[in-house]
Amino acid sequence: MRNNQAIGRAVKVASIIIVLAVLFFSSFYTIGEQEQAVVTTLGKPSAVTEPGLHLKLPFIQHVKKVDTTIKGIAIGYELNTNRSVESESLMITSDYNFVNVDFFLEYKVSDPIKMLYASEAPITILKNVAQGCIRSVIGTTDVDSVITTGKNQIQSDIREQIMQRLEKEDIGITLVNITIQDAEPPTEKVKEAFKAVETAKQGMETAINNANKYRNEKLPEAEAKVDKIIKEAEATKAARINEANGQAARFDALYTEYIKYPLITKQRMYYETMQDILPDLKVIIENGNGTMQELLPLGAFEN
């Protein structure tokens, strides 16, 4: 009986010691040199602690550690195998050329609480933001600058755009650097497609130039013809008007004479009309026996 009681007391003491030990050891936590920790109290973030030994309330407070070292993301290729990822690397430049560009992005955690709780996938958001900014800058840059002399400016422009976007997203991550790893023309299949596009562009430009040349050649000639037609029409118009005015004036003069001397004017008009038509008049006389005799045109009618 006494042995059982002793054993029971020993078990209780051991349990108490174990609980106290658990409480003691769960009351402390250690943060490494390249880490920060977010302390949550009853599920809510309450503090961010720096490297070293820290105290917390067991079962009430929990600790989530965050690595604050600089990390990298490969864009356009796989980091481990260096295999190209064409869906990320293939882009089009401002002069409608295709180019494969690989980038390496470096980042670190700037706010552990926002990094853990502001979004579900902050690294995915960072990569999507970077890809959008990269395509935006490459799309406004010519292919020669991308492949040769413009890399530093491109990197600077992309870095600035990413930092502005991250400031708006506010996901607790900051950009350290982004660099172009490689830039080269695309695969042979894409090159052939690009050549076809370039050939079509050149053909279009040639057709436009030929059309402009034809227009420049024909337009002055057409304008000259139009000018000639207009001038001829204006001359004809003036002649017709003058002729009409002359006839009207002649009629007025005849009418004035007719009012003064009606009989004499009628006779004179008759003589003038006969004088105009008789010289061209042919007289043909039929004899009645089926034969016809043509008389010579009459001479000018004399008063």
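Key figures
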quantity	calculated
Cα gyration tensor of the stretch 118-254 - equivalent ellipsoid semi-axes, whole Å, descending	73, 23, 12
Rounded D (µm²/s) - the stretch 106-155, Kirkwood Rh over Cα pairs, Stokes-Einstein at 10 °C, 1.306 mPa s	123
Fully extended contour minus Cα-Cα distance, from H54 to R83, at 0.36 nm per residue	6.0 nm
Calculated SAXS-style log₁₀ I(q)/I(0) at q = 0.13 Å⁻¹ - the stretch 27-109, Debye, Cα scatterers	-0.61
Coil-residue chymotrypsin sites (Phe, Trp or Tyr not before Pro) of the stretch 91-145, DSSP, other Cβ within 10 Å capped at 15	Y96
Long-range Cα-Cα pairs in the stretch 71-186 (distance over 18 Å), rounded percent	48
Kirkwood-type radius of the stretch 188-260, with distances r between different C-alpha atoms, in Å	18.0
Mean Cα-pair separation over length for the stretch 133-230, i.e. relative contact order, pairs under 8 Å, 6 or more apart, %	19
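Every number here is computed from the coordinates shown, using simple stated rules; none is lab data. All figures in this text were calculated on a predicted structure; none of them were measured in a lab. With ideal geometry, Cβ positions are generated from the backbone for all residues, glycine too; neighbour counts draw on all protein chains shown.
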